[in-house]
Amino acid sequence: MKKLYNKYIVKRADGKTDPKAEYFVLRIDNDYRARIALYAYARVAQDTEPEFAKELVEWADRADRATHKGAAWFQQYRRETGAT
């Protein structure tokens, strides 16, 4: 298993900085586990931000269709968790 390491530099679009901020970047186009994490995030957001959750699921779906990697895992996750 890989250890956590700094691979990306994340900057705010408005140029503001926060030296205490921590980020965790997931690349959904080539990592089915990242798409599963995105589904999980959408599931948690569903109650308070349903439109945002819907956008996240649609984004994950597009990435999954484009790559056809991990589709079985994705569908199993959705069935088991009831993710929309």
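Quick look at the values:
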read-out: Aspartates and glutamates with Cα under 20 Å of Lys7, excluding same-chain neighbours fewer than 8 positions away; value: Asp18, Glu22, Asp29, Asp31
read-out: Rounded if a/c under 1.5, otherwise prolate or oblate - region 4-47, Cα gyration tensor axes; value: oblate
read-out: CD proxy at 222 nm, helix term only [per DSSP H run n ≥ 4: -39500 (n - 2.57); per residue of the chain; nearest 500]; value: -16500 deg cm²/dmol
read-out: Ranked Phe52, Phe24, criterion: other C-beta atoms within 10 Å, fewest first; value: Phe24, Phe52
read-out: Region 17-71: C-alpha gyration tensor shape, a/c 1.5 cut-off, then a/b vs b/c; value: oblate
read-out: Principal-axis tilt of helix 71-81 within the chain, Cα atoms, nearest 10 degrees; value: 90 degrees
read-out: Normalised contact order of the chain, rounded percent, pairs of Cα under 8 Å and 6 or more residues apart; value: 28 percent
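Values quoted throughout were computed directly from the atomic coordinates according to the rules given, and no laboratory measurement underlies them. Here the structure is a predicted model, which is why all the values come from computation and not from measurement. Here the Cβ is made from the backbone with ideal geometry for all residues, glycine too, and neighbour counts use every protein chain on show.
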